[in-house]
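Peer 1: This is the structure I have questions about; it appears just below.
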Amino acid sequence: MTEAVRDARLAAALWECDRHRAALDEALSEWRALDTPSSQALEQNSGLRRLTDQIIYRFTKLQDAMGERLVPAALGWLGEPHEVWPMRDRLDRLEKLGYLDVDAWLQWRDVRNRLAHEYPGAVDQRHAAVLASVAAAGAMVAAFVHCKAKLLPSP
Amino acid sequence: MRLTKAEVLAIEAAAKAVLPRGARVLLFGSRTDDARRGGDIDLLVEPPTPVDALLAADLSTRLAARLYRLIGERRIDIVVAAASEGEDRLIVREARRHAIELART
């Protein structure tokens with residue numbers, strides 16, 4: 001792979017992640033301007049539901065874009081022979097180089113897996129899952145910003 | 001019980017790393033049945049004192065993430081309920097009927 005191709009792949013991955021990061025930042029700012037909503041408010045207020053859906057959607061998209069695009073592009077750009085590595089080895093290498101924290105990444109995976117459960121009748125569990133995903137979304141934005149700054153340090 | 005030795009050791013290590021002292025982890029669901037195949041790893045976590053839904057979600061996530069690190073990402077379903085709690089959730093009542101203790105912290 002030529003240097004130009006590596007640069008282009010990294011730029012494309014960062015651009016894609018940044019789109020989700022910007023939308024997530026906007027939705028999270030709106031969320032932070034509110035008092036933490038009760039479980040009842042989250043169940044009944046359609047505006048709040050739309051906001052949490054937006055956060056959860058972008059949280060999922062940012063994690064996908066980071067995992068499927070940015071992780072391989074960053075490793076390629078760093079000259080790491082990552083093509084045949086499983087995801088865990090890719091994450092471990094980036095953690096070793098200071099680009100991300102694998103524990104946090106795996107926690108976001110669990111938060112996401114938990115969102116797939118519907119928890120019928122369990123209002124408190126649904127509420128906890130939504131609050132955990134909002135917290136995880138904020139942490140993921142910070143992690144992406146850190147990773148991007150390390151890949152493209154300001155002149 | 002259908003867990004490998006490595007999986008049991010990983011659950012024990014993960015529990016000791018992330019759960020408070022005095023907690024128990026039990027296996028329930030299809031993995032307790034030798035006659036069945038596949039299925040999620042269903043774990044019942046009993047913290048020493050009752051926890052609210054937010055703390056329960058946090059404990060579950062930290063335990064699952066540690067297990068992903070030790071044995072790879074699997075379908076792991078974690079239910080949290082203190083042993084002292086009068087439990088109205090069907091899943092917890094069912095879990096307790098056939099649970100097998102895997103770890104204590």
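Peer 1: Quick query: amide H of B:ALA103 versus all other amide H atoms, modeled in the peptide plane; which residues come in under 5 Å with a sequence gap of 5 or more or a different chain?
Peer 2: Residues meeting the criterion, in which the H sits 1.01 Å from N, are B:VAL25.
Peer 1: Report relative contact order for chain B in percent, whole number only (criteria: Cα-Cα under 8 Å, sequence separation at least 6).
Peer 2: Numbers: 176 pairs, mean separation 41.9, N = 105.
Reported as a whole number, the value is 40 percent.
Peer 1: Could you work out [θ]222 nm for chain B from helices alone, using -39500 (n - 2.57) per DSSP H run of at least four and dividing by all its residues? Round to the nearest 500 deg cm²/dmol.
Peer 2: Theoretical 222 nm ellipticity from helices: -12500 deg cm²/dmol.
Peer 1: Taking θ = phi - 60°, what integer Hz values does the Karplus form 6.51 cos²θ - 1.76 cosθ + 1.60 yield along the range B:69-82, in sequence order, with x for Gly and Pro?
Peer 2: The phi angles translate into 5, 7, 10, x, 6, 10, 7, 10, 10, 10, 10, 10, 7, 5 Hz.
Peer 1: Just grab the label-to-label distance for A:SER29 and B:ARG74, each label 7 Å out from Cα along the Cβ direction, in nm (one decimal).
Peer 2: Each label point is offset 7 Å from its Cα along the Cβ direction, giving 4.4 nm.
Peer 1: Looking at the range A:1-93 from every direction and averaging, what is the projected area of its Cα convex hull in nm²? Intermediate values should be presented prior to the final figure.
Peer 2: Values: hull surface 29.3 nm².
Result: 7.3 nm².
Peer 1: Counting each DSSP H run of 4 or more residues in chain A as -39500 (n - 2.57), what helix-only mean residue ellipticity at 222 nm follows after dividing by all residues, to the nearest 500 deg cm²/dmol?
Peer 2: My calculation for chain A gives -25000 deg cm²/dmol from helical runs alone.
Peer 1: Across the protein assembly as shown, how many lysine pairs, 8 or more positions apart or on different chains, have C-alpha atoms separated by under 22 Å? Please give the number.
Peer 2: 5
Peer 1: Considering every residue in B:53-59, what mean count of other chain Cβ atoms within 10 Å of its Cβ is obtained?
Peer 2: Rounded to a whole number, the mean comes out at 6.
Peer 1: Now for a different question. Quick one: work out the % antiparallel among DSSP beta bridges in chain B, nearest 5. Walk me through the numbers on the way to the answer.
Peer 2: Working: 9 of 14 bridges.
Expressed as a percentage, antiparallel bridges in chain B total about 65.
Peer 1: Ok, one more. Given the protein assembly as shown, what percent of its DSSP beta bridges are antiparallel, to the nearest 5?
Peer 2: In the protein assembly as shown, DSSP labels about 65 percent of beta bridges as antiparallel.
Peer 1: Report, in debye and to the nearest 20, how large the dipole of chain B comes out about its Cα centre when Lys and Arg carry +1 and Asp and Glu carry -1 on their Cβ.
Peer 2: In debye, rounded to 20, chain B gives about 380.
Peer 1: Applying 1/(1 + (r/R0)^6) with R0 = 25 Å to the Cβ-Cβ distance of B:ARG36 and B:LYS16, what FRET efficiency is obtained, to the nearest 0.05?
Peer 2: Computed FRET efficiency for B:ARG36 and B:LYS16 comes out at 0.30.
Peer 1: Say the dipole of chain B comes from +1 at the beta carbon of Lys and Arg and -1 at that of Asp and Glu; which of B:VAL51, B:GLY22, B:LEU9 then lies farthest toward its positive end?
Peer 2: B:LEU9
Only the coordinates and a few stated rules stand behind these numbers; no lab work does. All figures in this text were calculated on a predicted structure; none of them were measured in a lab. When we count neighbours, we look across all protein chains shown, and the Cβ atoms used for this are built from the backbone with ideal geometry, even at glycine.
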